[in-house]
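Before any comments, here is the structure.
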Amino acid sequence: MPAISLPIRTDRLVLRRFDGGDLDAFHAYHSLPETARYLPGPAKTYTQSMERVGRYANFSFEKEGDWVALAIEAAGEPGLQGEVVLKWLPGRGQGEVGWTLAPGARGKGYGTEAAQAVLRLGFEELGMHRIEARLDELNGASAALCSRLGMRLEARHIDKWHYKGQWATELIYSILADEWRIGSRG
Ligand SMILES: CC(C)(COP(=O)(O)OP(=O)(O)OC[C@H]1O[C@@H](n2cnc3c(N)ncnc32)[C@H](O)[C@@H]1OP(=O)(O)O)[C@@H](O)C(=O)NCCC(=O)NCCS
C-alpha cells in the first residue's frame, strides 16, 4: 500500500493523525453511554481512552488488519470533533470504514464529509476495490450516513451479535471502487 499523506483537507474539515493532546476531548465523548450504545464494549474508562488514543496516534498501515485512524477537526477551529477509521480487511482490496462524532459535532454533515474523504483515500490513494460498513440495525444515524455515501445495503444478519445485554441484527453496507467513481463524478 502507498504511504498515506496527512492531513487530508475537505471543504470544512481537517483529518489528521491523533496526538496526546486529543485525549481529554476523545474521552469526553467516548465515556458517554450514548456514544458507546452501538460500539463494541461499554463507555470507555480514562485508561481505555488513553490506550486507544495512543494506538490511533501511532497507527501504521502496512498489512491486513491495520487501521488508518484519523482525528476530525473543523477547519480553522482546533479541537477534536470525532474520528473516522479505515481498516484493511483480509482479501484483495477489501476495507471497512467506521465513524464516531462527539455529540456537539453531529447533525452538521461532518461524519459524511469525513467518511467521503476516507472512501476517496481508500479507493483513489490505496487502490481498494470494496469498502464496507458493519452496523447494528437499530443504529439509524449510521445507516443514514451509509446511504448518504452511496453505499448499498448488502446483507442483514439476524442476531449476529450479542452485546449491551441483547441480540443485535447486523447490517452490512458496501461500495465498490467503480460505484464510487461513478458517484463521485455525478
Ligand atoms: C453515526 C454518527 C457518526 C452519525 O452522525 P450524524 O451527525 O447523524 O451524521 P453526519 O455527520 O453525516 O450529519 C448528518 C446530519 O447533518 C445534517 N446536515 C447539516 N448540514 C449538513 C451538510 N452541510 N452536509 C450534510 N449533512 C448536513 C443532515 O441533514 C443530517 O441530519 P439528520 O440526521 O437530521 O438528517 C453519530 O450518530 C455517532 O457518532 N454515533 C455514535 C457512534 C456510533 O454509533 N458510530 C457508528 C457505529 S457503526
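The values are calculated or read from the model by the stated rules, or taken from the named source; none is laboratory data. Values in this document were obtained by computation on a predicted structure and should not be read as measured data. Every residue, glycine as well, gets a Cβ built from its backbone with ideal geometry; the counts of neighbours run over all protein chains shown. These accessible areas exclude ligands, DNA and RNA; they are computed on the full protein's heavy atoms, side chains included. Shrake-Rupley method; radii C 1.70, N 1.55, O 1.52, S 1.80 Å.
Here are some notes:
- Distance histogram in 10 Å bins (all Cα pairs of segment 8-185, percent per bin): 10, 37, 40, 13, 0
- Inter-label distance, nm, simple model (7 Å from Cα along the C-beta direction), Phe59/Leu153: 2.8
- Solvent-accessible surface of segment 8-185, averaged per residue with a 1.4 angstrom probe and all protein chains in place: 50 square angstrom.
- Using the Cβ-Cβ distance between Arg37 and Leu176 with R0 set to 30 Å, the FRET efficiency works out to roughly 0.50.
- Each helix, a run of at least 4 DSSP H residues, gives -39500 (n - 2.57); summed and divided by the residues of the chain, these come to -8000 deg cm²/dmol at 222 nm.
- FRET efficiency, 1/(1 + (r/R0)^6) with R0 45 Å, evaluated for Ala3 and Leu138 via beta carbons: 0.75
- A straight line joining the Cα centroids of segment 55-125 and segment 1-38 runs 7 Å.
- The 3J(HN,Hα) values that the Karplus relation (6.51, -1.76, 1.60; θ = phi - 60°) gives for segment 60-67 are, in residue order, 10, 10, 10, 8, 3, x, 6, 10 Hz. Gly and Pro appear as x.
- Fraction of accessible area attributable to carbon and sulfur, the chain (%, probe 1.4 Å): 52
- With the simple model of a label 7 Å out from the Cα in the direction of the Cβ, Leu89 to Tyr163 spans 1.6 nm.
- Pair Arg17, Asp66: separation of 7 Å Cα→Cβ label points (nm): 1.2
- Computed Kirkwood radius, in angstrom, where 1/r is averaged over Cα pairs of segment 38-136: 14.5
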